[in-house]
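Working notes for the structure below.
The values are calculated or read from the model by the stated rules, or taken from the named source; none is laboratory data. Fair warning: this is a prediction, and the values are worked out from it, not measured in the lab. Note that we place each Cβ from the backbone using ideal geometry, even for glycine, and neighbour counts take in every protein chain shown.
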């Protein structure tokens, strides 16, 4: 997909948008619609990858790379990190609140 101007958005706004896709993936997974959950999950990964490519903040990129690994583990792996839907919601909701203050 094409996300014009993605690299110019503040990191907090990028993370809020990533969180929106993660929330969609969670909702669809809860509703047992694996196809839509998978599509939302892949969009979240795509946005994470775009953010990793465009950011100059090494500390933030390290955390985002870990988040990516944990998401893959949860949605496509064995959830060895024991992630929960509620934990993902809480993590990304913080970015949404911060982005709303921009």
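Couple of notes before you dig in:
- Residue 62 modelled with pLDDT under 95, in a helix (DSSP H, G or I) and out of contact with any helix residue (DSSP H, G or I) (no Cβ under 9 Å at 6 or more places or on another chain): yes
- Just so you know, in segment 75-99 the residues that are touching a residue at least 12 places away in the same chain (Cβ under 8 Å), part of a helix (DSSP H, G or I) and more than 12 Å from the chain's Cα centre (by Cα) include one that is nearest to residue 25 (Cα to Cα), and it is 85.
- For residue 60, the stated conditions do not hold, so it cannot be described as over 21 Å from residue 102 (Cα atoms) and either in contact (Cβ under 8 Å) with a residue 24 or more places away in the chain or buried (at least 19 other Cβ atoms within 10 Å of the Cβ) (or both).
- Qualifying residue in segment 10-18 (condition: closer than 24 Å to residue 80 by Cβ and part of a helix (DSSP H, G or I)): yes
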